[in-house]
1. Going by what's in this entry, would ASP174 be described as at positive phi, modelled with pLDDT of 95 or more and touching a helix residue (DSSP H, G or I) at 6+ places or on another chain (Cβ under 9 Å)?
2. Please list, ordered by first then second residue, the pairs with beta carbon atoms under 9 Å, 6 or more apart or interchain, first in region 261-278 and farther than 18 Å from ALA302 by Cα, second within 16 Å of the ligand (Cβ to nearest atom) and part of a loop (DSSP other than H, G, I, E, B).
3. Determine if region 220-243 includes at least one residue that is aromatic (Phe, Trp, Tyr) and buried (at least 22 other Cβ atoms within 10 Å of the Cβ).
4. Can you pull out the helices (runs of 4 or more DSSP H) entirely within region 124-212 that have at least 2 residues that are within 16 Å of the ligand (Cβ to nearest atom), within 21 Å of the chain's Cα centre (by Cα) and over 20 Å from VAL38 (Cα atoms)?
5. Scan region 38-57 for residues that are touching a residue at least 40 places away in the same chain (Cβ under 8 Å) and more than 15 Å from the ligand (Cβ to nearest atom) and jot them down.
6. Being at pLDDT 95 or above, of a type in the set (D, E, K, R) and either in a loop (DSSP other than H, G, I, E, B) or in contact with a His (Cβ under 8 Å, 6 or more places away or on another chain) (or both) is the filter here, so list the residues in region 266-312 that pass it.
7. Report yes if ASP248 is more than 16 Å from the ligand (Cβ to nearest atom), in contact (Cβ under 8 Å) with a residue 60 or more places away in the chain and more than 20 Å from the chain's Cα centre (by Cα), otherwise no.
8. Got a number for residues in region 300-316 being touching a residue at least 60 places away in the same chain (Cβ under 8 Å) and of a type outside the set (A, V, I, L, M)?
Amino acid sequence: MPYGAAMQADYLDSDPAYVKAFLDHCDLILPMNELKVVMLRPDRDTFHFEPADRIVDLAVSNGLTTRGHTHIWHGGTPAWMEAITDPADLERELVRHIETVMDHYRGRVPSWDVVNEVIAHEPTPSQPLRDSTWLRTMGPRHIPVAFKAAQNADPKARLVLNDYDLEFKGPRYDQRRAIALSLVRQLQDAGIRIDGVGIQGHLYAEIPIDIEAVAAFGEDLKRLGVRLIVTELDVIDWNIPGGPAEQDAAAYAVVRDFLDGVFASGPPEAVVTWGITDRYSWIPDVMPRRDGQPTRPLPLDANFRPKSWHELIMQRVRLPA
Ligand code: 9MR
C-alpha cells in the first residue's frame, strides 16, 4: 500500500531538499493545489496544466504513483464559474472540465477526488450537503453528474468522495459519517461507480479519535465494495502545551489511534499526508500556536528529520494485509 504526500509546485525550484524528501520517503506524490479548478482555469477558455504536470511528471518519471485533487470543491471554484447561474450551462462546464482534465492525465493519474467536502460542515437532517455554488445552482445532482463524467472520462480511474471531520466522537461526526455512507449508496443505486471514500485526517492533537466508529465506518464501506483512503493526514497542535517533545508525543498518540481505526477494516487504498515537512504547511497560517512557537503538523520536521509517527505510518503501510 502506498505512503504518499501532497506536494506544492511553489517549492520545486527554490528548495532541492524538499523534492529529495518526497523521493526518499514516498510511493505517491500528488499536487496539493495545482489541480484545483481555480488553479487550472484562470478563465473559461484556459486549462493551465503546467504546474500540475511538473508534479505528475516527477512522480511518474520516478516510478511513483499519484492522485488527482479535485474537480468539485467549494473552496476551489473560480469566480467566473461561480458566476454561472444557469444549471444546464454549469453542468456542461463541469462535464467539459472533468473530461478535459481526466483526458489529459489518463493513464498517469489513477485515482481522483471527484468531489471534495460536499457534506455540510454542521449537517442537519434537512441540510445534509454543503451550501455551495454547486448545490445552489445544480442541486444535489452535482455529485452524481461529476462521478458519471469522471467514470466516462477515465473508466480505469479510481473515483473518490473526499471529506473531513469523519474520525471524531460525537453526534456531529456520526452524522457526517452517515451522510458519506448515504452518498455512496445513492451513487450506487443510480448505477454510478464510486471506489473510495477519502478520510482527510486533519487531526487535532487534543481531540480523541472514535476508533470504533471509524472501524465501523470502514466495515460499512467495505460491504458496499468501497475502500477507505487517508488523503490529507496532518496534526493540528495549537492547543498542546509544552514544546516539540510534547507536541510530537501528542501527535504520535492521535495518529496511532486514527490508523488503528482506519486499518481495522483492512488496509486503506493509500495513506497520504498533507505535505511532508513542517517547513511548509497550511496549519500555521490558519491555526498557529497560541505561544507563537512553530507548529509540528507533518511526519518530517522542518529539517526533514522523520518523527516517530512517520515510522508508525511506515510500519502500517508495509505490513502484509
Ligand atoms: O493546503 C492547501 C493550501 O495550500 C491552499 O492554500 C488551500 C486553498 O486552496 O487549500 C489547502 O488544502 C485544503 C484541501 O484542498 C482540502 N481540505 C483542506 C485542506 C487544508 O485547508
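1. For ASP174, the condition - at positive phi, modelled with pLDDT of 95 or more and touching a helix residue (DSSP H, G or I) at 6+ places or on another chain (Cβ under 9 Å) - is not met.
2. Partner pairs satisfying both residue conditions: GLY261/GLU167; VAL262/GLU167; VAL262/GLY201; ALA270/ARG67; VAL271/GLY201; VAL272/ARG67; VAL272/GLY201.
3. no
4. By residue number, 171-189.
5. Selection gives ARG44, PHE47, PHE49, ARG54, VAL56.
6. GLU269, ASP278, ARG279, ARG289, ARG296, ASP301, ARG305, LYS307
7. yes
8. 5
The values are calculated or read from the model by the stated rules, or taken from the named source; none is laboratory data. On a predicted model such as this, the values are computed, not experimentally measured, just so you know. Heads up, the Cβs are rebuilt from the backbone with ideal geometry, glycines too, and the neighbour counts pull from every protein chain shown.
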